[in-house]
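Colleague: I am attaching a structure below and will ask some questions about it afterwards.
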Amino acid sequence: MRHINRRDFLKLGLLTSASVAAYPIAKALESKKSGSGHILLLVFDAWSAQNVNLYGYPRDTMPNLKKFSKTATIFHNHISAGRYTVPGTASLLSGLYPWSHRALNLGGRITAKHQDHLIFNVLDGNIDTVAYAQNVYADQIIGQAEEKLSQHIPFGAFNLNDRVIYDNPLFKKDQYAAFNAFEDGIIQDGKGADASLFLGPMIREKTLRDQTIAGFNHGAGYYNGLPESFESYSLAGLVDGLIDLVDGLTEPSFIYFHVYPPHDPYRPYYKFYNAFRDDGFSPATNPIHPLASEPRTKVVLNNNRLSYDAFLASWDAEMSRFFEYASQSGFLNQNTVIVTSDHGEMFDKGISGHMTTMLSQPILHIPLIIHNPGQTEQRDIYTFTSSTDVLPTIAAMVGVEQPAWTEGKILPMINESEDKSRIVYSFDAIHNPAFGALKNYSVSAIWDGLKICYYHLNDYENWELYDVLQDPVEHNELIAQGDKRQTIMKDILKAKLDEIGADLSGIG
Amino acid sequence: MKNLIRALIERFPSTAKLNSTFALILLVIHTWSVWQFLYRLPSYLMYLDLLNLLAVFAYYMAFAFVESIILLVLFGMIAIILPKNWYADHFEAVNLPIVLGMAVSAAKYQQQIGNTYSGISSILTWFGFTFLIVLSLALIFGIIGPLRKLSGKVMERISIMSYLYIPIGLFSLLVVVFRNLV
């Protein structure tokens, strides 16, 4: 076991900055500086690295991605700064941690202080920018850079029925207010009351009817109906849309393409539904966590995991068409393709999905795969990296200096440059006002494979420590076992919380 | 043709009767909308600044105003179609139970909509049942003199609400139009 004192820690910290700054992504950077290629950032919503075979998962959920990755750089320990779409996407697009960008709440977006710090603003004037999000919450964050975008593809562009109102061209100049008023307000989403007494239920029934018709017309081949993201869509339609978009680009562009799969509801193709059933894999199921507000049984968790894995396999099968297109058309020779997620998903500790205040590793550990132009061999990066690193990396690719305000670092692309002492954080404060002091939050820090979590919630306060390299499913909580490393890990986190001005009252 | 148009216009309720019905519709729809806004307010306060919060409220009120106008137009059209002494002559008196009955039914119906389409038979059953109840109430209020008088007096008092909701609705509509044009 390694012994680290505070002096060692400080030394490592200094080394971090020096070593990472010294190893930018040379090849990609040179290629982009010449202004020749596109950068395609593909974001799969709610995609956990821990359910992908490429990342060691026993089920072969994404064989086509694995094939694609043979000529790409795989970041094996990439961590989302946020726990769900709003903070996760905001961190990805701003290079800031949630305590800075303050997109904390469902429906929230980046604070005025940082709204000009989106990647689209950073790249403005250097490369065209195209953005699409099939998640309405991510679309609100994109909307903050509306004036800088060369093209903002409407939310419903690849969907099969028209349910969402805010993306109507009538509200193009005021999408955020329209979104907050109409969606889940004037017109209710799901069960509950519409603020529109008479027209609300009529519109809702009509859109549900349209959704049913779309299911009849396009749902063949799906086990349990079409996938949905406020509106119905087909996996094939999404990939067709992506190929058409990429194919039609004339100017070098940065394309942000944020798709909903594999976010729930998990709607796999029929042929994959039973692909992993009775395959002998029995996921380690931890006991119910105190933060599981509506605890699920192990049977439910394992069934949901099966559906999620089958949905991943379905999405991968469809994405194979894009990988094939990119390979055959020569797209991969001249352009950069980045594949990642905004956050993960979990099926453990009584929790299914990601709507929990718990910062569990399956929710935070997300894939990151970068194919540089003409890359012919696989590279593996094992150092811990953060979703806040994507912005400075893309900026470097385009030849833009790393913005001073970003809290991320340029990603290491060469094995020798790996920074073992890097600390990456994740933060969640969904029930804390975006404008107020940080009093009701969950936070985690990972350093050298050790992960410390601190829950400073209104109704729950606790520390947890895990060795996520040895124990990625977080089975062994180390503080309870008297692990002495807890002291330095707690100090690291306390120092950060103090720096960001979070409430530390009652901290143990 | 001219005779037909004249006959249709004659069936149209008087301005005073239209005003009081509009006031009732405004009251019911706006009260519901404000209530629903207040229900969601704690969530909005988490992440919306004051300007955006007011903008969202303007959308609620503008939509409620447009919805009120649509309903009034619907009542006006029914008045044109039905014989005058059936409906237009008792416009105020019968609209009170009709609007209130429809409001209760719609509020209840909202709660039963889920994530899947209920189906046309389910919708027709619900609204058929509502129609029967509302029609019965309208008949009772239209036929029984004291009830008709009571209804008229209530409507008269309610009409004051139009002085509140019409300016709010118009202003909100302007706010929404302005924000989407400029």
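Colleague: Give the Kirkwood hydrodynamic radius (Å, one decimal) of segment A:409-508, defined as one over the mean of 1/r across all pairs of different Cα atoms.
Modeller: Values: mean 1/r = 0.0681 Å⁻¹.
Here the Kirkwood hydrodynamic radius works out to 14.7 Å.
Colleague: Still on this structure, I have one more. Using the structure shown, select from A:172/A:206; A:67/A:172; A:67/A:298 the pairs with a Cα to Cα distance greater than 31 angstrom.
Modeller: A:67/A:172; A:67/A:298
Colleague: Continuing with the same structure: So for chain B, what are the equivalent ellipsoid semi-axes in whole Å, largest first, each being the square root of 5 times an eigenvalue of the Cα gyration tensor? Write out the running numbers ahead of the final one.
Modeller: Values: eigenvalues 203, 93, 55 Å².
Taking √(5λ) for each eigenvalue gives 32, 22, 17 Å, largest first.
Colleague: For segment A:69-74, in order, what is each residue's ³J(HN,Hα) by Karplus, 6.51 cos²θ - 1.76 cosθ + 1.60 with θ = phi - 60°, in whole Hz (x at glycine and Pro)?
Modeller: 6, 5, 10, 9, 9, 9
Colleague: Enter the angle in degrees (range 0 to 90, nearest 10) between the Cα long axis of helix B:120-143 and the first principal axis of the Cα atoms of chain B, meaning the one along which they spread out most.
Modeller: So the helix axis and the longest Cα principal axis differ by about 50 degrees.
Colleague: A further question on this structure: When the chain is fully extended, how far beyond the present Cα-Cα distance does residue B:116 get from residue B:8, taking 0.36 nm per residue of separation? Walk me through the numbers before you get to the answer.
Modeller: Details: separation 108, 0.36 × 108 = 38.88 nm, distance 4.18 nm.
Stretched out fully, the residue B:116 to residue B:8 stretch lengthens by 34.7 nm.
Colleague: I'd like the Karplus ³J(HN,Hα) series for segment B:14-19: coefficients 6.51, -1.76, 1.60, θ = phi - 60°, whole numbers in Hz, and an x wherever there's a Gly or Pro.
Modeller: Whole-Hz 3J(HN,Hα) from phi for segment B:14-19: 5, 4, 4, 5, 5, 4.
Colleague: In peptide A:171-183, how many Cβ atoms from other protein chains are near each Cβ within 10 Å, on average?
Modeller: On the way: counts 4, 1, 5, 11, 1, 4, 14, 6, 2, 10, 14, 4, 0.
Mean partner-chain Cβ count within 10 Å for A:171-183: 6.
Colleague: Under 1.5 on a/c is rounded, so check that first for segment A:390-452, then, if it is not, pick prolate when a/b is larger than b/c and oblate when it is not; a ≥ b ≥ c are the square roots of the alpha carbon gyration tensor eigenvalues.
Modeller: Working: a/c = 3.78, a/b = 1.46, b/c = 2.59.
It is oblate, given that a/c is not under 1.5 and a/b is not larger than b/c.
Colleague: Moving to a separate point now. How would segment A:356-482 be classified by its alpha-carbon gyration tensor: rounded, prolate or oblate, with rounded meaning a/c under 1.5 and the a/b versus b/c comparison settling the rest? It would help to have the intermediate numbers written out before the result.
Modeller: On the way: a/c = 2.61, a/b = 1.46, b/c = 1.78.
Oblate, since a/c reaches 1.5 and b/c is not below a/b.
Colleague: Amide H of residue A:96: which non-local residues (sequence gap of 5 or more, or other chain) have their own amide H closer than 5 Å, using H built in the peptide plane?
Modeller: Those lying under 5 Å, H to H, from residue A:96 are A:407.
Colleague: Efficiency by 1/(1 + (r/R0)^6): what FRET value for residue B:160 and residue A:217, r their Cβ-Cβ distance, R0 = 56 Å, to the nearest 0.05?
Modeller: Numbers: r = 52 Å, r/R0 = 0.92.
Here the calculated transfer efficiency is 0.60.
Colleague: Charges at C-beta only: +1 for Lys and Arg, -1 for Asp and Glu. How large is the resulting dipole of segment A:452-508 about its Cα centre, in Debye rounded to 20? Walk me through the numbers on the way to the answer.
Modeller: On the way: 5 positive and 12 negative charges, 47 e Å.
In total the dipole reaches around 220 debye.
Colleague: Treating only the Cβ atoms of Lys and Arg (+1) and Asp and Glu (-1) as charged, compute the dipole magnitude of the protein assembly as shown about its Cα centre; round to the nearest 20 debye. If you can, show how the numbers build up before the last one.
Modeller: Details: 54 positive and 64 negative charges, 335 e Å.
Computed about the Cα centre, the dipole is about 1600 debye.
Colleague: Explain nothing, just compute: Karplus ³J(HN,Hα) = 6.51 cos²θ - 1.76 cosθ + 1.60, θ = phi - 60°, for every residue of segment A:396-407 in order, whole Hz, x for Gly and Pro.
Modeller: 3J(HN,Hα) across segment A:396-407, in whole Hz: 5, 4, 7, x, 9, 4, 4, x, 5, 7, 5, 9.
Colleague: What is the Cα centroid distance between segment A:425-494 and segment A:269-347, reported in whole angstrom?
Modeller: Centre-to-centre (Cα) distance: 26 Å.
Colleague: OK, next. Distance cut-off 32 Å, Cα to Cα: go down the list A:113/A:496; B:108/B:153; A:439/A:484; A:191/B:17 and report the pairs above it. Please report the intermediate quantities before stating the final value.
Modeller: Numbers: A:113/A:496 21 Å; B:108/B:153 28 Å; A:439/A:484 28 Å; A:191/B:17 37 Å.
Those over the limit are A:191/B:17.
Colleague: Would you compute, for the Cα atoms of segment B:142-182, the largest minus smallest coordinate along each principal axis and list the three values in descending order, in whole Å?
Modeller: For segment B:142-182, the Cα spread along each principal axis is 54, 17, 5 Å.
Colleague: Using a 10 Å cut-off on Cβ to Cβ distances, tally the other chain neighbours for every residue of B:119-130 and report the average as a whole number.
Modeller: Details: counts 4, 2, 0, 1, 4, 0, 0, 1, 0, 0, 0, 0.
Per residue, the average neighbour count from other chains is 1.
Colleague: Here is a follow-up. Give me the distance between the Cα centres of segment B:1-70 and segment B:76-135, rounded to whole Å.
Modeller: Using only Cα atoms to place each centre, the spacing works out to 17 Å.
Colleague: Any chance you could get the radius of gyration and Dmax over the Cα atoms of the protein assembly as shown, in Å?
Modeller: 28.8, 101
Colleague: So what are the radius of gyration and Dmax for the Cα set of segment A:109-190, in Å?
Modeller: 13.2, 42
Colleague: Can you give the log10 of the normalised intensity I(q)/I(0) at q = 0.16, 0.20, 0.22, 0.26 Å⁻¹, computed with Debye over equal Cα scatterers of segment A:330-392?
Modeller: -0.67, -0.87, -0.95, -1.13
Colleague: Under a 5 Å amide H to amide H cut-off, with H placed in plane at 1.01 Å, what residues pair with residue A:424 once short-range neighbours are removed?
Modeller: Excluding prolines and chain starts, which carry no amide H, the hits are A:446.
Colleague: Please express the shape of segment A:216-350 as an equivalent ellipsoid: the semi-axes are the square roots of 5 times the eigenvalues of the C-alpha gyration tensor, given largest first in whole angstrom.
Modeller: Sorted largest first and rounded, they come to 32, 18, 15 Å.
Colleague: Let me ask something else. Counting each DSSP H run of 4 or more residues in chain A as -39500 (n - 2.57), what helix-only mean residue ellipticity at 222 nm follows after dividing by all residues, to the nearest 500 deg cm²/dmol? Write out the running numbers ahead of the final one.
Modeller: Numbers: 16 runs with 167 residues, N = 508.
It comes out at -10000 deg cm²/dmol, rounded to the nearest 500.
FYI, it's all coordinate maths here, none of it is from the lab. The shown structure was predicted, so the numbers you read here are calculated from the model rather than taken from an experiment. Methodologically, a virtual Cβ is constructed for each residue, glycine included, from the backbone with ideal geometry; neighbour enumeration extends over all protein chains shown.
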